[in-house]
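*Asks:* Pasting in a structure now, in structure tokens, and then I'll have a few things to ask.
The values are calculated or read from the model by the stated rules, or taken from the named source; none is laboratory data. Bear in mind that the values here come from a model prediction, so they are computed numbers and not experimental data. Because the Cβ atoms are built from the backbone with ideal geometry, glycine has one as well, and the counts that use them run over all protein chains shown. Just the protein is used for accessible areas: all its heavy atoms, side chains included, with ligands, DNA and RNA removed. Shrake-Rupley method; radii C 1.70, N 1.55, O 1.52, S 1.80 Å.
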Amino acid sequence: MKSTNRFIPLWLAISAIIGIVIGSFYGNHFQSNLNIVPNRMNIIKAGSNKLGSLFYILEDLYVDTVNVQELVDKAIPFILSELDPHSSYFTAKDAQQADDDLRGSFSGVGIEFIIRNDTLRVQRILPDGPAEAAGLMAGDKIVTVDGTDFTGEELTNESAMRRLKGARGSKVTLGIMRYGDSEVREFNVTRADIHTQSVVAAYMVDDATGYMRIRNFGRNTYPEVLVALVELSQEGCQNLIIDLRGNPGGLLEAAVMIANEFLPGGRMITYTEGRRKNRENYTSDGHGAYTHIPLVVLIDESSCSASEILAGAIQDNDRGTIIGRRSYGKGLVQEPMGFDDGSMMRLTVARYYTPSGRCIQRPYTSGQDYEYQEEIYMRYINGEVYSEDSIKHTGPKYHTKLGRVVYGGGGITPDIFVGADTTNFTSYYKEASLTGLIMQYAYDYVDRNRQKLAELDDGNQIEKYLHKQNIPELFAQYADEHGLKRRNLMLQKSATLIEEDITDWVVRIMFDDQAEIKYRNQTDPAVLKAQEVFKAGNAFPQKP
């Protein structure tokens, strides 16, 4: 390992040189085809053009043909990683996927899928989509596409998306192996625009309290939030929980528009500023329709970027209560820059700040991305996710509008801490979860029992049914057959966790995200704490 590490700086240096010169190479190479060999030494001495000239020489004299595009795609990520942890590069293929995620739409067949045992299995049929119209069902296995085999080790999420997506109106023939069938059925599907939801759950958790789960911040998030708010209001919503746990962020503008709905006029939401970017303020316009509703925002260590903008705006303006665990800590603003071949770079151009003036970007050392990413894992090791006393504030102090103390330099610290429960946690459960065995077992169980499970109406009925089946024991047998050695004492201790996780997965597979979230929230400590806050009338922070 140490021997390998010795060469990392060398590879980084070489990659950086190659990447930096690509621009110069393209510009000069296509302007002229002059023979550079006689003047090679003079070219190398020209300081401002040294890197471009070096690339000329590589292209002119290197023993093998140089694939410029491959060098670009390999070199640029190394260069950007030397700047900060969030500047990034996307190939043309990945850039399209990233844009689809932000747009919240693409053209395809309208399914959610998972790949298991080298076979694509339909997890869910999107309502009113092409697959539903064609007659596909959850649980189907797609084994051919347009008559070509669609299974095997080469099948990946990327290759599957590439084959299933396509221009709106285009047709694709899917060969389906359905449970209980002995022969492949063929379905002709006409691709159409598919819209992915940012708001994956919105429902009433009790008679007075609405709940909304925002998965990410894209171009459609704000209108989706408005629709959800109207529907919740019609159901009698007097208090609101916004769940941002696990939300990786997305578009700044989406977070700003949502914050605007809850803040009185003239309140700072966030501001950005960089070396070449003048300060830009984002303030509320006073047209928000929900400026008085009691509000709780849930966050955790995976709440990132735009999630932190929204949570920080609510906290610094004393507009609501933040519950959960310290957020990720990303306060860097990336600007997308496209290249002619469709690839894209997201370059960090500024930092964003909460209304109190704090930058919540946690510390990083350029070129040491591994240590930066490890910091989240270390929160588990040092006990921060379990105990509030383990949170160490190293950043400067700031004050909210009412004078409450908040801290910069490391994410949003919640007003009320709710730690992860590790009471029944064992190494057996950890391995079962991290290896994906729990998820795999849930899918296998559904495949074998889909007809019976389809008779059940909701998560609570599935829970009662599964509890009678002695699921922990059945899972232990399955896990033992798939490489996880049975450990009876640990199995006994973690039985409840295993059963809960399997039930969560089965509910999601049989229904959808909202059904699974609704089922899980019945016992979720953060959601229960939010309900307590509302009942006590403490959602609006008080002056210290």
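*Asks:* Tell me, please, whether a residue that is at pLDDT below 90, of a type in the set (S, T, N, Q), farther than 25 Å from residue 256 by Cα and open to solvent by less than 30 Å² (accessible area, probe 1.4 Å) can be found in region 341-350.
*Replies:* Yes, because at least one residue in region 341-350 is at pLDDT below 90, of a type in the set (S, T, N, Q), farther than 25 Å from residue 256 by Cα and open to solvent by less than 30 Å² (accessible area, probe 1.4 Å).
*Asks:* Given the conditions (1) outside any loop (DSSP other than H, G, I, E, B); (2) open to solvent by 60 Å² or more (accessible area, probe 1.4 Å), and given that residue 372 satisfies all but one, which numbered condition is not satisfied?
*Replies:* Exception for residue 372: condition (2).
*Asks:* Select from region 278-303 the residues that are polar (S, T, N, Q), touching a Gly at 6+ places or on another chain (Cβ under 8 Å) and open to solvent by less than 40 Å² (accessible area, probe 1.4 Å) and list them in ascending order.
*Replies:* Let us first name the residues in region 278-303 that are polar (S, T, N, Q), namely 278, 281, 283-284, 291, 302-303.
Applying the additional criterion that residues be touching a Gly at 6+ places or on another chain (Cβ under 8 Å) yields 283-284, 302-303.
If the condition is that a residue be polar (S, T, N, Q), touching a Gly at 6+ places or on another chain (Cβ under 8 Å) and open to solvent by less than 40 Å² (accessible area, probe 1.4 Å), then 284, 303 are the ones that fit.
*Asks:* Now for a different question. List, please: which pairs have Cβ atoms under 8 Å, are six or more places apart or on different chains, and start with a residue in region 127-148 that is at positive phi and end with one that is open to solvent by 10 Å² or more (accessible area, probe 1.4 Å) and of a type outside the set (A, V, I, L, M)?
*Replies:* 135/187; 139/121; 139/178; 139/179; 139/447; 139/450; 146/173; 147/173
*Asks:* State the number of residues belonging to region 261-277 that are under 26 Å from the mean Cα position of the chain (by Cα) and either of a type in the set (S, T, N, Q) or open to solvent by 40 Å² or more (accessible area, probe 1.4 Å) (or both).
*Replies:* Filtering region 261-277 for residues under 26 Å from the mean Cα position of the chain (by Cα) gives 261-262, 269-274.
Adding the requirement that they be either of a type in the set (S, T, N, Q) or open to solvent by 40 Å² or more (accessible area, probe 1.4 Å) (or both) leaves 270, 272-273.
Matching residues across region 261-277 total 3.
*Asks:* I need a count of the residues in region 54-91 that are in contact with an Asp or Glu (Cβ under 8 Å, 6 or more places away or on another chain) and buried (at least 19 other Cβ atoms within 10 Å of the Cβ).
*Replies:* Within region 54-91, residues that are in contact with an Asp or Glu (Cβ under 8 Å, 6 or more places away or on another chain) and buried (at least 19 other Cβ atoms within 10 Å of the Cβ) number 3.
*Asks:* A follow-up question, please. For residue 182, all conditions in the list (1) among the small types (Gly, Ala, Ser); (2) open to solvent by 60 Å² or more (accessible area, probe 1.4 Å); (3) in contact (Cβ under 8 Å) with a residue 12 or more places away in the chain hold save one; what is the number of the exception?
*Replies:* Among (1) among the small types (Gly, Ala, Ser); (2) open to solvent by 60 Å² or more (accessible area, probe 1.4 Å); (3) in contact (Cβ under 8 Å) with a residue 12 or more places away in the chain, the lone unmet condition for residue 182 is (3).
*Asks:* List the pairs whose first member sits in region 58-74 and is modelled with pLDDT under 80, whose second member is not in a helix (DSSP H, G or I), and whose Cβ atoms are under 7 Å apart, counting only residues at least 6 apart or on separate chains?
*Replies:* 58/66; 59/66; 60/36; 73/91
*Asks:* List every residue pair whose Cβ atoms lie under 6 Å apart, where the two residues are 6 or more positions apart in sequence or sit on different chains, the first residue falls within region 87-108 and is over 19 Å from residue 69 (Cβ atoms), and the second residue, located anywhere, is modelled with pLDDT under 70.
*Replies:* So the pair list comes out as 106/100.
*Asks:* Additional query: Just for helices (runs of 4 or more DSSP H) wholly inside region 428-544: which have at least 3 residues that are within 26 Å of residue 127 (Cβ to Cβ) and open to solvent by 70 Å² or more (accessible area, probe 1.4 Å)? Before you say what the answer is, go through the steps one by one.
*Replies:* Working: elements: 437-453, 459-468, 471-481, 488-510, 513-521, 525-535.
Result: 437-453.
*Asks:* Now for a different question. Are any residues in region 197-230 open to solvent by 40 Å² or more (accessible area, probe 1.4 Å) and within 23 Å of residue 256 (Cβ to Cβ), and if so, which ones?
*Replies:* Answer for region 197-230, where residues must be open to solvent by 40 Å² or more (accessible area, probe 1.4 Å) and within 23 Å of residue 256 (Cβ to Cβ): 197, 213, 215, 219, 220, 222, 223, 226, 227, 230.
*Asks:* While we're here: Which members of region 414-427 meet the condition of being in a loop (DSSP other than H, G, I, E, B), open to solvent by 30 Å² or more (accessible area, probe 1.4 Å) and touching a residue at least 24 places away in the same chain (Cβ under 8 Å)?
*Replies:* Scanning region 414-427 gives 415, 420, 421, 422, 424, 425.
*Asks:* Ok, one more. Taking region 375-386 as the search range and keeping residues that are surrounded by 12 or more Cβ atoms within 10 Å (Cβ to Cβ) and hydroxyl-bearing (Ser, Thr, Tyr), which one is farthest from the chain's Cα centre (by Cα)?
*Replies:* Ranking the qualifying residues of region 375-386, first place goes to 386.
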